[in-house]
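The values are calculated or read from the model by the stated rules, or taken from the named source; none is laboratory data. This structure is a prediction, so every number in the text was calculated from the model and none was measured. For neighbour counting, all protein chains shown are included, and Cβ atoms are generated from backbone atoms with ideal geometry for every residue, glycine included. These area figures cover heavy atoms from the full protein model, side chains too; ligands, DNA and RNA do not enter into them. Shrake-Rupley method; radii C 1.70, N 1.55, O 1.52, S 1.80 Å.
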Amino acid sequence: GGIANLSYQVAKNMSAEEKILVIAPAIKGYREFDKGSNPITFRTTNIKMLREVVLFFVTLYFIFKFKADVIYNLNWYPEAAVSRFVSILTGIPYVIHVHAMDYFEDRTTLFDRLKYNRLRTFIKKQTFDRAKEIIVSSNFMKDRLVVRGVDILKIRVVPNGVDLSRFMPHLDTREIILKHKLENKKVLLTVSRLDDYKGHDNVIR
């Protein structure tokens, strides 16, 4: 997925200049993936409720073992929420990288309304209040966070990067244009999976 890809690219590129230790969930295929990955990666359980406890103790262990300077979270939950408690105990600051749906969580179904209850909302506020810095990819997200009460002085807008070895702006596209009969036509490209909340219907309209 997008956040998983971003997380890996951030860790890989940061590890070229800094000592990075990645703590990530043990999902299907992780052993093969980690063999070719650049940053040192430690895998934890992905079983809900248990993962939060394991993540807490693993993070504490690595902070003391490697004398970490900062905890960088690519999601607010469970990573940043756990980092808040670790920060209280150790004084180590943490950063949250915010996307969209991970913060503005869906509450359309009864299950979602039960899941995202007042306790979770309270934990989220406490987590964002204590964060040293909050990174967003757009001014739109920055404005939405400020409306929700997040301190504007903590927010930094860092647009998502592009790997120019994979995405080449000067690539010859004539073959694609001819194949799809796009000569002299306006082309609108939207890149995203087909989920309702992504708004493809709005783009088409």
Subject >> Sum of -39500 (n - 2.57) over DSSP H runs of 4+, divided by residues of the chain (222 nm, nearest 500) >> reply: -12000 deg cm²/dmol
**OP:** May I ask you to list the residues of segment 9-31 whose amide nitrogen lies under 15 Å from a point 7 Å from Cα along the Cα→beta-carbon direction of Ile47?
**Re:** 26-27
Original post:
For Tyr197 and Lys12 in one chain, what is 0.36 nm times their gap in residues minus the Cα-Cα distance, to one decimal in nm?
Top reply: 63.6 nm
**OP:** Using amide H atoms built 1.01 Å from N in the peptide plane, name the residues 5+ places from Ile71, or on other chains, whose amide H lies under 5 Å from its own.
**Re:** Tyr94, Val95
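With Cβ to Cβ distances under 11 Å as the rule, what net charge do the other residues near Pro25 carry (K, R +1; D, E -1)?
+3
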**OP:** For the chain, with a Gaussian network of springs between Cα atoms less than 10 Å apart, report the residue from Ser83, Ser138, Ser192 with the top mean-square fluctuation.
**Re:** Ser192
Original post:
If each of Phe140 and Ile3 carries a label point 7 Å out from its Cα toward its Cβ, how far apart are those two points in nm?
Top reply: 1.8
**OP:** Apply 1/(1 + (r/R0)^6) to the Cβ-Cβ distance of Asn38 and Ile123, taking R0 = 25 Å, and write down the FRET efficiency to the nearest 0.05.
**Re:** 0.15
Original post:
Just the accessible area for Ser15, please: 1.4 Å probe, Å², rounded to the nearest 10?
Top reply: 30
Original post:
If the viscosity is 0.890 mPa s and the temperature 25 °C, what translational diffusion coefficient in µm²/s does Stokes-Einstein give for segment 122-205 when Rh comes from Kirkwood over Cα pairs?
Top reply: 145
Original post:
For the chain, what's the relative contact order in percent, using C-alpha pairs closer than 8 Å and at least 6 residues apart?
Top reply: 12
Original post:
For the residue pair Arg205 and Arg166, what label-to-label distance in nm results when each label sits 7 Å from Cα along the Cα-to-beta-carbon direction?
Top reply: 3.3
**OP:** Whenever you get a sec, compute what percent of the accessible area on the chain sits on carbon and sulfur atoms (1.4 Å probe).
**Re:** 59
**OP:** For segment 177-189, take each phi angle, set θ = phi - 60°, evaluate the Karplus expression 6.51 cos²θ - 1.76 cosθ + 1.60, and give the result in whole Hz per residue in order, putting x for glycine and proline.
**Re:** 4, 5, 4, 9, 6, 9, 4, 6, 10, 7, 10, 10, 10
**OP:** Using θ = phi - 60° and the Karplus relation 6.51 cos²θ - 1.76 cosθ + 1.60, list the HN-Hα couplings for segment 158-163 in order, rounded to whole Hz, with x at every Gly or Pro.
**Re:** 10, x, 4, x, 10, 7
Original post:
Rounded if a/c is under 1.5, else prolate if a/b is larger than b/c, else oblate: which is segment 31-77, with a ≥ b ≥ c the root eigenvalues of its Cα gyration tensor?
Top reply: oblate
**OP:** At a 1.4 Å probe radius, which order do Met168, Met14 fall into by accessible area, largest first?
**Re:** Met168, Met14
**OP:** Note the per residue figure in Å³ for the convex hull of the C-alpha positions in the chain.
**Re:** 183
Subject >> Scattering profile of segment 1-82 at q = 0.19, 0.21 Å⁻¹ [log10 I(q)/I(0), Debye over alpha-carbon scatterers] >> reply: -0.90, -1.13
